[in-house]
Amino acid sequence: MSTNSNLENLEKEADQLEREAKIKSSQGEYSKAIDLLKKAKTINQKLGFQGKINMIEKKIQQTQNLIEYQKSSNTEYTPTFQQINEKRITSISSSPAQKTYSKSSTESSIDPEKQKERELIKSAEEALDRGNKCIQEKDFIAAKRCYEESIEIFRNIGGWERQVQILEKELDNIDDYAEQHKKASKPTKSTHETKSYPSSMNMGISSTRTSQNINTYTDIKEKSSPLSSEERRRKEIRERTEERIRQAEEARKRQQRMSKRQKIVSEKKQRALETRMKMEEKKQNEEKLIKEAEKFLEQAKNQVDNKQFDDAKGLYRMAIKKFKELGWFSQVDNLYDEVKNLEQYKLDHFKKQREEEERRKKQRDAFQKRIQDVKLEKEKEEKRRLEQIRSLSPDEKKKLEKARLLLDKAEKEEGLGKTKRAIGRYNLILDLYNSLPKDKINLSNDIVKIKKTISDLESKI
């Protein structure tokens with residue numbers, strides 16, 4: 001349980017470091033962000049999360065590219081769009097994405113990634129130029145395609161979110177341009193003569209001037225052909241009706257744009273939610289696999305301690321299967337090596353067992369031999385004693401028998417704690433032994449033993 005807790009704490013620490021690095025990167029503190037990412041990478045290396053290590057390395061490289069890009073960039077992008085009037089008509093005063101790159105006069109080589117980015121920016125600018133030209137030529141469909149192409153390029157480059165927002169706003173305005181152009185070019189019948197109004201816009205360059213021309217033209221026409229009160233009333237009703245229709249149409253289009261954006265936002269949120277759920281599910285599955293693998297490893301270790309090497313090998317293989325599912329192949333390699341080592345452990349164990357059995361057998365044989373030798377020695381001693389006793393005279397045999405009886409009594413009294421009486425009997429036994437002829441019977445060992453017993457008893461008094 002402590003091992004699992006440590007792993008979870010390390011994983012949480014690594015995630016926290018990645019989040020802090022993201023915050024530092026958004027604040028422009030790229031060096032601190034790289035330091036935090038390197039710490040997170042070190043923790044994931046300890047955990048063996050190779051997938052996360054690769055992702056963190058990519059983040060570090062991207063942050064380093066941002067530092068290089070920040071050094072090489074002289075100016076930030078300046079939006080080229082500005083509001084002209086209350087009708088959301090905008091003008092494009094110059095091609096967007098005007099970023100300048102400082103180059104040293106002695107520069108001998110260009111970074112391939114920067115060169116590629118410059119080419120993409122150039123393509124985006126060319127697409128915008130084509131779109132502006134299409135707007136001036138009243139080809140609004142082609143203009144939208146060009147703007148969409150430019151937006152897509154800026155999105156792919158990355159780091160141009162503000163520019164993309166401006167272009168998306170201008171893309172929405174193209175529909176308004178088309179609608180205004182359609183209304184301005186629509187013929188109006190008056191006194192059975194058809195007159196076409198001039199365009200209400202000149203696409204971001206002279207839209208205000210064109211609007212003023214329309215009003216001037218209308219004033220001149222009204223002055224040149226005075227209307228009756230009934231005609232003026234019908235004209236006012238018609239204008240109010242057209243204004244309501246125009247406002248309703250604009251509201252509908254705004255609602256459509258809002259609905260479209262809401263749908264996009266909703267889809268993004270749904271995708272993000274699904275991604276989070278998948279990540280959470282993946283994390284839970286990884287935690288489950290880790291616990292199972294650790295359980296098998298613990299059981300395998302116990303089996304090794306118990307010298308059950310075959311059972312340990314099976315448990316190691318089950319742990320290997322779990323680590324393969326996790327993608328921890330370095331751990332898998334280590335366990336394969338451990339399985340190979342088990343065979344050597346097994347052979348060493350059997351060898352030690354055989355050596356121990358042989359050693360014990362030798363000890364038993366040596367012990368049995370000693371017992372046999374002692375037994376033979378006793379038998380020889382007894383046989384020799386009997387021969388010596390047979391050579392004694394009857395009186396000498398009686399003395400020897402009396403000494404044996406006194407020895408039995410002395411040993412009993414010694415056991416009962418009657419030390420002085422036991423000492424007296426031992427002394428009588430010595431006198432009897434000394435009275436026997438030494439050339440007929442050898443009692444030297446018995447005499448030495450009795451003297452030692454007397455000395456031990458006297459030390460206790």
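The values are calculated or read from the model by the stated rules, or taken from the named source; none is laboratory data. Being a predicted model, the structure only gives us computed values, none of them experimental. Glycine also receives a Cβ, built like all others from the backbone with ideal geometry; neighbour counts cover every protein chain displayed.
Being modelled with pLDDT of 85 or more, surrounded by 10 or more Cβ atoms within 10 Å (Cβ to Cβ), part of a helix (DSSP H, G or I) and assigned by TED's automatic domain parsing to the domain that holds Val448 narrows it down to one of Arg364, Arg421, so name that one. When all the criteria are applied, what remains is Arg421. Looking across segment 296-349, the residues that are out of contact with any helix residue (DSSP H, G or I) (no Cβ under 7 Å at 6 or more places or on another chain), in a helix (DSSP H, G or I) and hydrophobic (A, V, I, L, M, F, W, C) come down to Phe329, Leu347. Considering segment 386-441 alone, what residues qualify as being β-branched (Val, Ile, Thr) and farther than 16 Å from Ile454 by Cβ? Residues satisfying the conditions are Ile389, Ile441.
Does at least one position in segment 263-280 carry a residue that is out of contact with any Gly (no Cβ under 8 Å at 6 or more places or on another chain), surrounded by 12 or more Cβ atoms within 10 Å (Cβ to Cβ), part of a helix (DSSP H, G or I) and basic (Lys, Arg)?
No - not one qualifying residue is present in segment 263-280.
Pull out all pairs, ordered by first then second residue, where Cβ-Cβ is under 6 Å, the residues are six or more apart or on different chains, the first lies in segment 421-450 and is closer than 16 Å to Glu396 by Cα, and the second is outside any loop (DSSP other than H, G, I, E, B) and acidic (Asp, Glu). Taking only residues 6 or more apart or on different chains, the pairs are Leu436/Glu396.
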